[in-house]
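Engineer: Take a look at this one; I'll ask things after.
Values quoted throughout were computed directly from the atomic coordinates according to the rules given, and no laboratory measurement underlies them. Please read all numbers here as calculations on a predicted model, not as lab measurements.
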Amino acid sequence: MTLALQHDGRSATVIGLTQSAVMVGGLLGAITAPRLQGRFRPSQLVVLLTSGGTVLFAVAALLLPSPLVALPLAFPFFIAPTVNAALFASMLRETPEAMRGRVTNALVQVSTALAALSPLVAGLLVAHASSHWAMGAFAAALGVSSVLALSLKGLRQAEEARLDR
């Protein structure tokens, strides 16, 4: 998003305001996460984030390089804190106490590595294709995540086991 706006000649003010609009979604999501987490099962939240994110990132790809791109991108940032909290809580519930430190560390390591790769991949895609293709690639990645969330049974089985207790 930032590179697309910059390549389009948008001012630093417009770029900053666009980024701020997206981050407001994350801030509001963090504030409302405790209320939302109790209303949805973790599997529902994951599907909402991945499926909704797929559609919204595809819309964002079409809106680039307009600052209006902030609107569809704000929702995934809004729901992400709730999904993260629900998944982390599920992981803690299902992991034996003796393994929690190692599992948490592994999760943080993988998440950090993927977060570091994201700007690199986006930059390469923008440099060698376009910002539309870069945003589309992230929509496709979310689409794959959505298919996995819908087809893999691990999280649903953990939920069912918890309800049976």
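Engineer: At 0.36 nm per residue, and after removing the present C-alpha to C-alpha distance, how many nm does the segment from ARG93 to VAL55 gain when stretched out fully?
Structural biologist: That pair, ARG93 and VAL55, stretches by 10.5 nm at full extension.
Engineer: Equivalent-ellipsoid semi-axes (√(5λ), Cα gyration tensor) for region 2-164, whole Å, largest first? Don't jump to the answer; show the numbers that get you there.
Structural biologist: Values: eigenvalues 199, 56, 46 Å².
Working from the Cα gyration tensor, I get semi-axes of 32, 17, 15 Å.
Engineer: Under a 10 Å cutoff between Cα atoms, tell me which one of MET91, MET99, MET135 has the largest fluctuation in the Gaussian network model of the chain.
Structural biologist: Greatest mean-square fluctuation among the candidates belongs to MET99.
Engineer: In deg cm²/dmol and to the nearest 500, what is the mean residue ellipticity at 222 nm of the chain if only DSSP H runs of at least 4 residues count, each as -39500 (n - 2.57), divided by the residue total?
Structural biologist: -29000 deg cm²/dmol
Engineer: Please give the contour-minus-distance gain from TRP133 to ARG156: 0.36 nm per residue of separation, less the Cα-Cα distance, rounded to one decimal in nm. Kindly include the intermediate steps, with their values, before the conclusion.
Structural biologist: Details: separation 23, 0.36 × 23 = 8.28 nm, distance 3.31 nm.
Full extension of this stretch gives 5.0 nm more.
Engineer: In vacuo Debye scattering of region 102-165, one point per C-alpha: log10 I(q)/I(0) at q = 0.15 Å⁻¹?
Structural biologist: For region 102-165 at q = 0.15 Å⁻¹, log10 I(q)/I(0) is -0.69.
Engineer: Based on the Kirkwood radius over alpha-carbon pairs, what is the Stokes-Einstein translational diffusion coefficient of region 1-92 at 37 °C with 0.692 mPa s viscosity, in µm²/s?
Structural biologist: 237
Engineer: Let me ask something else about it. I need to check one value: relative contact order of the chain, counting alpha carbon pairs closer than 8 Å and at least 6 residues apart, in percent.
Structural biologist: 35
Engineer: Next up: Mind telling me which of THR13, THR50, THR32 comes out most flexible in a GNM of the chain, alpha-carbon contacts under 10 Å?
Structural biologist: Most flexible of the set in this elastic network: THR13.
Engineer: Angle between the Cα long axis of helix 100-128 and the longest principal axis of the chain, 0 to 90 degrees, nearest 10?
Structural biologist: 20
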